[in-house]
Amino acid sequence: DGGITQSPKYLFRKEGQNVTLSCEQNLNHDAMYWYRQDPGQGLRLIYYSQIVNDFQKGDIAEGYSVSREKKESFPLTVTSAQKNPTAFYLCASSSGQINEKLFFGSGTQLSVL
Amino acid sequence: GESVGLHLPTLSVQEGDNSIINCAYSNSASDYFIWYKQESGKGPQFIIDIRSNMDKRQGQRVTVLLNKTVKHLSLQIAATQPGDSAVYFCAENSRSGYSTLTFGKGTMLLVSP
C-alpha cells in the first residue's frame, strides 16, 4: 500500500525538550514538506526538501530543524526554541514537479505537558 | 506576504443541495490552484486542481471555477452528501520555481440529512 506514514499519532513534549516527528513515504517522491496547522487555521509551511540532502526554510522555520538523508524519510525536530509547539503537524510529499498536487500523511498532534 | 483567503468560515446546507465554497487569492502571479478536503484529525485529501490557463475544470460531483480577472476561485459540489462534511481548503503555488503550496484558512461545510 503506497502512501505517507507519520508517527507517532500523538506526542507530548516537556518543557525544554526536543522531540522528533517521523515521516516516511514509499511513493518514490523527490519532494517532501512539513506543515503546521493550528486550530481553525490553514496550513503553514515549516520546511521543504526538493531532493535528498537539500532542504529550505518555509514561512515558520524558527524553532524547527529537519534532515533529508534518505529519499523516503524527512524527520522534523521540534526544538526547545519553539515556544508554542502545540499544533497538528502534517507531512506531505510530491513528485517535485512544479504545479503538482501534494499527498499528505495523517498527521501528528503535538501537545506540551 | 501575499496569501490565499476564504470568504465564508462555515457553510451549512441540506443533503442534496449544491454547495459553493469561495476563495480569494491575492498573488496575481500564481498559476496553479488546488482544493483539499480535511476531515477532523486527518490529513488533507486532494479534491481537484486547476491551472491558470483554464477557467473551469470538472471532476466527479465537483467543479472548480477560476476567475483570474477578480482573482477568485470556487469549488462547487453537486448533490451534497453528509459524507462531504469537512473543512475545505484552497491553495496556490507559492514560490516560483518550487512545488510548495500556500493554503487559505479553510471553510467548514456542514451537511444536514
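Select from segment A:78-91 the residues that are among the small types (Gly, Ala, Ser) and either within 14 Å of chain B (Cβ to nearest Cβ) or surrounded by 21 or more Cβ atoms within 10 Å (Cβ to Cβ) (or both) and list them in ascending order. Once the filter is applied, which keeps residues that are among the small types (Gly, Ala, Ser) and either within 14 Å of chain B (Cβ to nearest Cβ) or surrounded by 21 or more Cβ atoms within 10 Å (Cβ to Cβ) (or both), segment A:78-91 yields only A:Ala87.
State whether the residues of segment B:81-91 include one that is buried (at least 21 other Cβ atoms within 10 Å of the Cβ), touching an Asp or Glu at 6+ places or on another chain (Cβ under 6 Å) and of a type in the set (Gly, Ala, Ser). Yes, the conditions are met somewhere in segment B:81-91.
Among the residues of segment A:92-113, the ones that are more than 7 Å from chain B (Cβ to nearest Cβ), surrounded by 15 or more Cβ atoms within 10 Å (Cβ to Cβ) and part of a loop (DSSP other than H, G, I, E, B) come to 1 in all.
Taken residue by residue, segment B:80-98 has at least one member that is part of a loop (DSSP other than H, G, I, E, B), in contact with a Ser or Thr (Cβ under 6 Å, 6 or more places away or on another chain) and modelled with pLDDT under 95. The set of residues from segment B:31-67 being within 17 Å of B:Asn93 (Cα to Cα), more than 11 Å from chain A (Cβ to nearest Cβ) and crowded, with 16+ Cβ neighbours inside 10 Å comprises B:Val64, B:Leu65, B:Leu66. Of everything listed in (1) touching a Phe, Trp or Tyr at 6+ places or on another chain (Cβ under 8 Å); (2) outside any strand (DSSP E or B); (3) open to solvent by 70 Å² or more (accessible area, probe 1.4 Å), the single unmet condition for B:Ser28 is (1).
Can we say A:Ile51 is more than 8 Å from chain B (Cβ to nearest Cβ), in contact (Cβ under 8 Å) with a residue 24 or more places away in the chain and open to solvent by less than 10 Å² (accessible area, probe 1.4 Å)? If you could, list the steps in order and put the result at the bottom.
Details: more than 8 Å from chain B (Cβ to nearest Cβ): yes; in contact (Cβ under 8 Å) with a residue 24 or more places away in the chain: yes; open to solvent by less than 10 Å² (accessible area, probe 1.4 Å): no.
Judged against the criteria, A:Ile51 is not a match.
To keep it simple, each residue is scored yes or no on (1) closer than 13 Å to B:Asn27 by Cβ; (2) open to solvent by less than 10 Å² (accessible area, probe 1.4 Å); (3) touching a Lys or Arg at 6+ places or on another chain (Cβ under 9 Å).
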{"residue": "B:Leu73", "(1), (2), (3)": "yes, yes, no"}
{"residue": "B:Ser94", "(1), (2), (3)": "yes, no, no"}
{"residue": "B:Gly97", "(1), (2), (3)": "no, no, no"}
{"residue": "B:Thr107", "(1), (2), (3)": "no, yes, no"}
{"residue": "B:Ser112", "(1), (2), (3)": "no, no, no"}
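Taken over segment A:64-86, the criterion of being β-branched (Val, Ile, Thr) and either under 21 Å from A:Asn28 (Cβ atoms) or out of contact with any strand residue (DSSP E or B) (no Cβ under 8 Å at 6 or more places or on another chain) (or both) is satisfied by A:Val66 alone.
State whether the residues of segment A:20-38 include one that is of a type in the set (Val, Ile, Thr) and open to solvent by less than 60 Å² (accessible area, probe 1.4 Å). First the steps, then the outcome.
From segment A:20-38, those of a type in the set (Val, Ile, Thr) are A:20; that's our starting set.
Now restrict to residues that are open to solvent by less than 60 Å² (accessible area, probe 1.4 Å): none.
Taking every residue of segment A:20-38 in turn, none turns out to be of a type in the set (Val, Ile, Thr) and open to solvent by less than 60 Å² (accessible area, probe 1.4 Å).
Taking (1) under 14 Å from the mean Cα position of the chain (by Cα); (2) closer than 30 Å to B:Thr10 by Cα; (3) open to solvent by 30 Å² or more (accessible area, probe 1.4 Å); (4) not charged (D, E, K, R) in turn, A:Pro75 satisfies each apart from (2).
The values are calculated or read from the model by the stated rules, or taken from the named source; none is laboratory data. What you see is a predicted model, and the numbers here were worked out from it, not measured in a lab. FYI the Cβ positions are ideal-geometry reconstructions off the backbone, even for glycines, and counts take in every protein chain you see. Keep in mind that these areas ignore ligands, DNA and RNA; they rest on the heavy atoms of the full protein, side chains included. Shrake-Rupley method; radii C 1.70, N 1.55, O 1.52, S 1.80 Å.
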